[in-house]
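Here's the structure, in structure tokens; my notes come after.
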Amino acid sequence: MDFSIDPIDDCLDAALREAIDRKTKPLGALGRIETLAFQIGRIQQTLAPRLSLPQIVVFAGDHGAAKAGISAYPQEVTWQMVENFLAGGAAINVFARANGLALTIVDAGVAHDFGVRAGLIDAKIAYGTQSYLEGPAMSPAQCEAALARGAAIVEALADEGCNVVGFGEMGIGNTASASLITHCLTGAPLDLCIGRGTGLSDAGLARKRALLHEAVAAWVDRSDAPLAVLARFGGFEIAEMAGAMLAAARRRMLVLVDGFIGGAAALIASRLAPAFLEYAVFTHLSQEPGHRQQLQALGGKPLLDLDLRLGEGTGCALAWPLVKCAAAMLAEMASFASAGVSEKL
């Protein structure tokens, strides 16, 4: 795959700042909404941005290491939650409906046969990854295939006219995978990257920490190359999400990044193509401690802090009204001159 992403042209930056500053409000009075409006205007290279066919894509995959007890839930919950998504009963379904967001579910590598189902894209690489406690989670070929399949899904959305996409995930054990990726790519101490995931007890958290330390120690030819880290510890859902994020940025789409698992995919994407970050909006701060390490490394400032730790893309859906308002402010709010309002002396 070609991971290159061109930096956004700054030729419109001055005009965008002028347009935002001249809206009928005190200078800077809309705070982060102004920053977000500027980002959207830069991406679309216009003073009148429009967000069209907004979409959330949820990637699901299983992890071989989950069978070792790194999660509070059994692996079967992954496919059961995919069924819940398809039935419309999960939190992301509710939030997407409430906000007029289209929702797509992707089987990136669930250990289950779903058959042909309405609303489900079959992009399965395998029936879950191998256990990184014993070796690489995926082969280089599987890693490359996952990136490409994720990219193809977003390319199709862009061809249909979508220009803003949020990403979610489902996969029992994927907070452990994200912890390992975060540690390897940011250099943060491993224990600062590990949290309770789906709600581990103190004993469960201690076991998770011990297992992840073993996983790192077992990687004798350790590398900080993003694809090497992804292949060693990643899930297929994280790999497909990273490929999808890169494709979205290449197509000049606004990319809504969810919490900790989405942050792991964003870390991979940003290491492969640093200009990806110009397109990324970090929608919320997760309760998972490793998310702070990610955001610090990425220079990301989340829009919301609601003590979320669910995943599924729920942070993207909850932040969507702010994103809409930012674009509308830039496109529709009157200036002092157009409204005939006197400016500050």
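Computed from the coordinates by the stated procedures, all read-outs in this text should not be read as laboratory data. Note that the structure is predicted; figures quoted are calculated from it, not measured. With ideal geometry, Cβ positions are generated from the backbone for all residues, glycine too; neighbour counts draw on all protein chains shown.
Below is a table of values for the structure above.
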item: The chain, helix-only ellipticity at 222 nm - DSSP H runs n ≥ 4, -39,500 (n - 2.57), divided by all residues, nearest 500; result: -14500 deg cm²/dmol
item: Residue-span extension gain [GLN45 to SER223] - 0.36 nm each, minus C-alpha spacing; result: 60.3 nm
item: Interchain or long-range residues, amide H under 5 Å from LEU285's placed H; result: LEU304, ASP305, LEU306
item: In sequence order, calculated HN-Hα J values of the stretch 273-288 (Karplus, 6.51, -1.76, 1.60; Hz; x Gly/Pro); result: 8, x, 5, 3, 5, 5, 9, 9, 10, 8, 7, 7, 9, 6, 5, 5
item: Extension gain from ARG207 to ALA98, taking 0.36 nm per residue of separation minus the Cα-Cα distance; result: 35.4 nm
item: Nearby lysines by direct alpha-carbon distance to LYS124 (threshold 26 angstrom, same-chain neighbours under 8 apart not counted); result: LYS67
item: Radius 13 Å from Cβ of ASP21, net charge of other residues (Lys, Arg +1; Asp, Glu -1); result: +1
item: GluC sites (Glu not before Pro) restricted to the stretch 281-345 and DSSP loop, no more than 15 other C-beta within 10 Å; result: GLU343
item: Protection proxy ranking, peptides 198-208, 160-170, average beta carbon neighbours within 10 Å, highest first; result: 160-170, 198-208
item: Residue with peak Gaussian network fluctuation, the chain [Cα springs, cutoff 10 Å], from PRO226, PRO26, PRO321; result: PRO26
item: Selected from VAL94, VAL58, VAL220 as most flexible by GNM, with the chain as the system and alpha-carbon contacts under 10 Å; result: VAL220
item: Alpha carbon centroid spacing (whole Å) that separates the stretch 263-327 from the stretch 195-214; result: 24
item: Segment LEU27-ALA339, length gained on full extension (0.36 nm per residue, minus Cα span); result: 110.7 nm
item: From the coordinates shown, percent of Cα pairs over 40 Å apart corresponds to which of [x] 13; [y] 18; [z] 23; result: [x]
item: Ordering of 234-242, 47-55, 175-183, 5-13 by burial proxy (mean other Cβ atoms within 10 Å per residue, highest first); result: 234-242, 175-183, 47-55, 5-13
item: Anchor LYS301: lysines whose Cα lies under 23 Å away (excluding residues fewer than 8 positions away in-chain); result: LYS324
item: Whole-number percent relative contact order across the stretch 55-325, with pairs defined as alpha carbons under 8 Å at least 6 apart; result: 26
